[in-house]
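Encoded as structure tokens, the structure appears first; notes follow it.
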Amino acid sequence: GNVHKGRVPIAVYVHDRPDLFAQVLVALKGVRGIERVPVLVISMDSVSRRMLALAEAIRFAPVRIVFHPVRQDMVSEEPVLAIKNHWWWLQVALWRHVRETREHTGSIALLEEDHLVTPDFLQVMGVLLRMQDSDCPQCWGVCVRYGCGGKDDHLLDQKQKSVQPPGQDRLAKVCRIHAVINTGIAFNRDTFERIERSDFLDFMNGWDWSLFHLLQTLQLPDMMLAPSLSRIRNIGTAGATVSEADLQLHIISQLQYDAAPANIKFDEDAFWIDTGEAMAYTPPCWEPLNLGLVEFVSKTPQNYS
């Protein structure tokens with residue numbers, strides 16, 4: 001239906017990094033079809049004059065600015081939980097209260113103030129959401145950050161675990177992955193309501209690790225769709241969970257990856273799903289059970305929503 005043809009609401013949750021936010025807005029302005037989104041929600045957890053000025057100056061899409069009632073003690077003492085608090089508050093606002101999204105029947109895309117998208121971001125998001133409907137209804141969501149491919153992809157081919165049909169473009173590959181990718185995601189009301197019924201709020205960790213906990217405990221379906229070529233880049237190397245001083249190589253490699261070039265030709269019919277063994281569904285029993293950040297439990301009330 002038309003819900004996936006550029007009609008995906010976008011919500012950006014931000015703190016106070018105006019230099020990065022400005023770059024993100026420039027990129028969003030250049031997204032093909034951005035003028036057709038139902039709404040661009042900017043969710044702020046601080047009343048920053050520069051951030052507010054940037055949001056109020058947006059003219060390329062209809063904008064709704066909302067303010068998260070942040071707990072300052074949590075921001076200073078437990079920033080990971082503060083971000084989770086904002087993230088969940090925003091989900092409730094989007095699916096229950098915001099006029100432009102509360103009756104939305106499709107998925108909502110989520111970005112952060114340091115997520116730089118490519119011009120075909122919405123087009124690829126639409127392809128992924130249509131593929132979810134037809135090829136992966138059990139997926140809890142989709143993301144436009146790469147979920148397969150990259151520097152190790154050739155090894156999969158050598159092991160004959162990646163099945164590429166003749167004539168298909170490897171850069172247009174889409175994979176079913178059992179993971180939580182936390183960059184450039186979108187999910188629908190069914191997933192929101194599953195999270196709402198779960199122990200998501202009681203799990204003492206960030207929103208992404210809390211979602212991973214839901215996958216491990218079978219409270220969320222254990223699969224999402226992702227492309228082999230990112231349509232998003234993370235341009236922030238420091239934040240609540242990572243500081244410039246203690247950046248490690250494995251963290252840098254996770255934050256710094258290539259995205260599709262701006263001039264890449266978009267061909268909706270070129271996308272295909274890898275059905276190889278490497279991408280087949282397997283329960284995450286091999287993963288150690290994530291117990292959350294136990295040291296937070298004694299300091300934080302169980303219900304901080």
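The values are calculated or read from the model by the stated rules, or taken from the named source; none is laboratory data. All figures in this text were calculated on a predicted structure; none of them were measured in a lab. Cβ atoms come from the backbone with ideal geometry, glycine included; neighbour counts cover every protein chain shown. Ligands, DNA and RNA are excluded from the accessible area calculation, which covers all protein heavy atoms including side chains. Shrake-Rupley method; radii C 1.70, N 1.55, O 1.52, S 1.80 Å.
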Quiz item: Each residue of the range 66-78 in order: what ³J(HN,Hα) in whole Hz does its phi give by Karplus 6.51 cos²θ - 1.76 cosθ + 1.60, θ = phi - 60°, with x for Gly and Pro?
Solution: 10, 10, 7, x, 6, 9, 4, 5, 6, 4, 7, 8, 9
Quiz item: Across the range 26-40, in residue order, what do the Karplus-derived ³J(HN,Hα) couplings come to in whole Hz, using 6.51 cos²θ - 1.76 cosθ + 1.60 with θ = phi - 60° and x for Gly and Pro?
Solution: 4, 5, 4, 4, x, 6, 5, x, 4, 5, 9, 5, x, 6, 10
Quiz item: For the pair Gln219 and Glu35, what calculated FRET efficiency results from E = 1/(1 + (r/R0)^6), where r is the Cβ-Cβ distance and R0 = 35 Å, to the nearest 0.05?
Solution: 0.40
Self-check item: From phi via Karplus (6.51, -1.76, 1.60), per-residue ³J(HN,Hα) for the range 176-193 in Hz, x at Gly/Pro
Solution: 8, 10, 9, 6, 10, 8, 9, 10, x, 9, 8, 8, 9, 5, 4, 5, 4, 5
Exercise. Roll a 1.4 Å probe over the protein chains and send me the accessible area per residue for the range 48-152 in Å².
Key: 42
Self-check item: Peptides ranked, highest mean first, by Cβ atoms within 10 Å: ranges 217-230, 15-28, 63-76, 111-124
Solution: 111-124, 217-230, 15-28, 63-76
Self-check item: Tyr146 accessible area, 1.4 Å probe, all protein chains in place, Å² to nearest 10
Solution: 70
